[in-house]
1. How would Glu36, Glu84 rank on accessible area, largest to smallest, probe 1.4 Å?
2. Which residue, Thr122, Thr130, Thr110, has the most motion in a Gaussian network model of the chain that connects Cα atoms within less than 10 Å?
3. Report, in cubic angstrom per residue, the convex hull volume of the C-alpha atoms of the stretch 71-123.
4. Helix-derived [θ] at 222 nm for the chain: sum -39500 (n - 2.57) over DSSP H runs of at least 4, divide by residue count, nearest 500?
5. Could you work out which residue, out of Tyr105, Tyr94, Tyr85, moves most in a Gaussian network model of the chain, that is, has the largest mean-square fluctuation with Cα springs under 10 Å?
6. With +1 on each Lys and Arg Cβ and -1 on each Asp and Glu Cβ, how big is the dipole of the stretch 71-141 about its Cα centre, in debye rounded to the nearest 20?
7. Pick the calculated semi-axes √(5λ) of the Cα gyration tensor in Å for this structure from [x] 20, 18, 15; [y] 39, 18, 11; [z] 23, 17, 13?
8. First compute the accessible area of the stretch 77-116 with a 1.4 Å probe, then give the percent of it belonging to carbon and sulfur atoms.
Amino acid sequence: MSVLQHAVLPGATLLITSIGGWILTMRNNMITTLAEDYVRMGRAKGLSNRKIMYGYAARNAFLPNLSGFAMSLGFVISGAILIEYVFNYPGLGYLLYSAVQNVDYPLMQTLFMLFTVAVLVTVLIADLATAWLDPRARAKE
């Protein structure tokens, strides 16, 4: 319980520093999606704004944001290094900082490989989620 209690402030700091970009990207995707023809067709059919926003526009605007979120995991990890150093929190970022300070190349290589695998797995999961959520990605032509 103590670990969770002490992880709240570093976690909130990481979330607050990275969420602005994701929200701005989602807003831009939503504006672009609302100008599409199928949204106009939904309005012409008399669908409610709620149905158009959540059923059509948000679903399609979220897909590029999902891929961008997965690719930005590397930036989140690099930001975690600074946050762990400031809060003196013993995580992987702080371990990498210590490895750089002590010129421990094998540990640095292992951590870089771990970060790379984490990003690749996250991108794979995002691609699978995109294929599951978007019927156009599953279509065989």
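1. Glu36, Glu84
2. With Cα springs under 10 Å in the chain, the top fluctuation among Thr122, Thr130, Thr110 is at Thr110.
3. 63 Å³
4. So the calculated ellipticity at 222 nm is -27000 deg cm²/dmol.
5. Tyr105
6. With Lys and Arg at +1 and Asp and Glu at -1, about 220 debye.
7. [y]
8. 68 percent
The values are calculated or read from the model by the stated rules, or taken from the named source; none is laboratory data. Quick caveat, the model's predicted, so the values are computed rather than measured. Cβ sites come from the backbone with ideal geometry, for glycine too, and all protein chains shown count toward neighbours. What goes into the accessible areas is simple: the full protein's heavy atoms, side chains included, and nothing from ligands, DNA or RNA. Shrake-Rupley method; radii C 1.70, N 1.55, O 1.52, S 1.80 Å.
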